[in-house]
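Colleague: What follows is a structure written as C-alpha cells; I'll ask about it next.
The values are calculated or read from the model by the stated rules, or taken from the named source; none is laboratory data. Keep in mind that what you see is a predicted model, and the values were worked out from it rather than measured. Here the Cβ positions follow ideal geometry from the backbone for every residue, glycine too, while neighbour counts run over all protein chains shown.
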2 protein chains.
Amino acid sequence: MSRLLATLLSSFVIMILAAGQPSGAEPTAEPTADKSRTLRHVVLFKFKETSTEADVTRIVASFRGLPAKIKEIAGFEWGTDVSPEGKSQGLTHCFLVTFKSEADRDAYLPHPAHKDFVAIVGPHVDKVCVVDFWSRD
Amino acid sequence: MSRLLATLLSSFVIMILAAGQPSGAEPTAEPTADKSRTLRHVVLFKFKETSTEADVTRIVASFRGLPAKIKEIAGFEWGTDVSPEGKSQGLTHCFLVTFKSEADRDAYLPHPAHKDFVAIVGPHVDKVCVVDFWSRD
C-alpha cells in the first residue's frame, strides 16, 4: 500500500515538474506541435468607390477559386463586415486563408493562380491589410 | 399497417416541403442553417511605442481570459503577425473571436469582463481594426 502511495506521489511530482517546464518555443516562432500548426492569413479589403458591385463580385469569385487551384490552402472562408462597432477603418471584406506551414504560405504567395487574383483585385483596392499569425489559444 | 404507411408518407411530404422553403435570408444576413452559424470577430491592434512588453503581455493575458468569463464566446485564438508581405499597416496582434449568433456578439460587447479588457487595452492602442463577418466558403 505504501508502495502504491509512493508511486502515486512520484507520478504527481513528475506531473508538477513537467507542467513547470518552459515550452522551449519563442512566443512568435512557428509551433512544432502538429496539432497547433494553424497559420492564419487574414486579408482585409476596402474597394475603391469607383469599383462596381460587378467588380467586387468578380474579385470575390476569383479569391474563392484559389483553394481549388492551390493545394497548399488548408482552409478558406470569407465574409463582409457586420460589426456594429464602427472600427472597420472602411475595410468591408475579410478573407481568412489557413495554411499548415509557412512553407505552404510561401508557396501560395507567388503561385500563378494567386498572382492572377492579385492582378484582378489590384486596380480596385483602396486599402488592404494583411496579417498572418500562428493560431494560439 | 396502411395507417403507419400513411403517417410515414405524410412525414416524408412535410420534410420535402420544409426543405424547399426559401430561407428568407439576404446573402449578407445572419445564416439560418445551424452548420453555418460561425460569426468571426476579427480584432487587430497596433500598440503605442510607449507601451512596454509587460503592458502588451498583460493586455494579451486579459483578452485570453475572456472565454472563461463570457459564455457567449464559442471560439478564441490569437497570434502575432508573421506576414512577409509588409501590408500589416503596423498592426501586430490579431485576435479571432467566434460567436454562434449576432445576439451572442451583442452580449459580449457590453459584458463587464469585456469592458474591463477595453479599459486595460485602451490606453495602449495606437491603431485598432475590428471586422465581424459571417463565415462563408
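Colleague: Does any residue of segment B:25-32 turn out to be under 23 Å from A:Cys94 (Cα atoms), out of contact with any Phe, Trp or Tyr (no Cβ under 9 Å at 6 or more places or on another chain), modelled with pLDDT of 95 or more and more than 7 Å from every other protein chain (Cβ to nearest Cβ)?
Modeller: No, that holds for no residue.
Colleague: Have a look at A:Val97, A:Val56, A:Val130 and point out the one that is within 22 Å of B:Phe76 (Cβ to Cβ) and away from every other protein chain (no Cβ under 11 Å). Spell out how you get there, then give the answer.
Modeller: Details: A:Val56 fails: within 22 Å of B:Phe76 (Cβ to Cβ); A:Val130 fails: away from every other protein chain (no Cβ under 11 Å).
It is A:Val97.
Colleague: Kindly indicate which of A:Phe117, A:Phe76 is in contact with a helix residue (DSSP H, G or I) (Cβ under 6 Å, 6 or more places away or on another chain), within 12 Å of another protein chain (Cβ to nearest Cβ) and hydrophobic (A, V, I, L, M, F, W, C).
Modeller: Criteria check complete, one pass: A:Phe76.
Colleague: Could you pull out the residue among B:His111, B:His41, B:His124, B:His93 that is of a type outside the set (Gly, Ala, Ser) and more than 29 Å from A:Val128 (Cβ to Cβ)?
Modeller: Testing whether each residue is of a type outside the set (Gly, Ala, Ser) and more than 29 Å from A:Val128 (Cβ to Cβ) leaves just B:His111.
Colleague: Taking B:Lys35 as meeting all but one of (1) part of a helix (DSSP H, G or I); (2) farther than 26 Å from A:Gly90 by Cβ; (3) at pLDDT 95 or above, write down the number of the exception.
Modeller: (3)
Colleague: Having 3 or more residues that are closer than 19 Å to B:Ser88 by Cβ and either free of Cβ contacts under 8 Å to residues at least 12 places away in the same chain or more than 13 Å from the chain's Cα centre (by Cα) (or both) is the bar; report the helices (runs of 4 or more DSSP H) wholly within segment A:65-124 that clear it. Quick ask: steps written out before the conclusion?
Modeller: Working: elements: A:66-69, A:102-108, A:112-121.
Hits in segment A:65-124: A:112-121.
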